[in-house]
Amino acid sequence: MKDFPFNPSTGTASALHLEYGPMPEYQRRVLLSQEQVSSGLASLAKRLRPRLVAKEVTVIPIMGGAMIFCADLVRGLDPGLVLDFLRIQTYGSSMSPQREAKVQWHPERCNVEGRTIVLVDDILDTGRTMTEARRYLLEEMDALEVICIVLVDKPARRDCEIQADDCVLVVEEDLFLIGCGLDWDGKYRNLPELCALEAVVEA
């Protein structure tokens with residue numbers, strides 16, 4: 001994490017039910033509140049803006065997890081950018097990647113070729129998704145450069161030689177995260193805060 005001083009270990013825990021629907025076997029630990037997410041996004045956009053001056057910019061979120069994060073991020077960037085989309089499937093319904101990263105939906109070539117691409121994802125963990133997305137945009141669609149931006153950088157699971165150019169939060173623990181675009185079996189992406197799922201230990 002850059003200039004956003006927050007320690008995930010101080011997050012609060014509560015049972016994951018009530019307004020979020022029943023999930024009795026897990027509790028959620030809030031790593032970033034809605035206000036902290038907004039503050040982190042504003043700081044990230046401020047750091048990113050100077051890198052994009054006088055460039056032809058296309059912002060490409062990796063669908064679907066990055067959609068929510070990206071929508072909030074681009075509002076903090078200068079007008080005039082192009083928005084397009086890329087879909088890569090790896091997770092399925094599991095808590096860990098189960099498939100080889102493969103492009104399922106690609107942006108229009110005119111929005112990529114010769115342009116600066118801001119590639120946005122919700123999380124960088126194993127690195128497989130981001131690695132394939134970056135390779136595809138550079139090698140098969142002739143992007144000028146690709147800047148990799150993520151909400152969460154989780155290096156504990158990294159098995160590819162790739163690093164985020166910037167992020168809101170670095171999580172050193174190997175946590176399973178939901179909210180702010182991150183999901184479990186397609187659910188909970190729309191939680192306004194970033195949470196870790198932890199198993200409930202019965203006394």
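Structural remarks
- For peptides 57-70, 163-176, sequence by mean Cβ density within 10 Å, most packed first: 57-70, 163-176
- Gyration tensor analysis over the Cα atoms of region 38-173 returns equivalent ellipsoid semi-axes of 22, 19, 13 Å (largest first, whole Å).
- Descending by average beta-carbon neighbour count within 10 Å, the peptides 179-190, 145-156, 121-132 line up as 121-132, 145-156, 179-190, the highest first.
Read-outs throughout are calculated quantities, based only on the coordinates presented, and are distinct from any laboratory measurement. None of the values given here were measured: they were computed from a predicted structure. Reconstructed Cβ throughout: ideal geometry from the backbone, glycine too, with neighbour counts over all protein chains shown.
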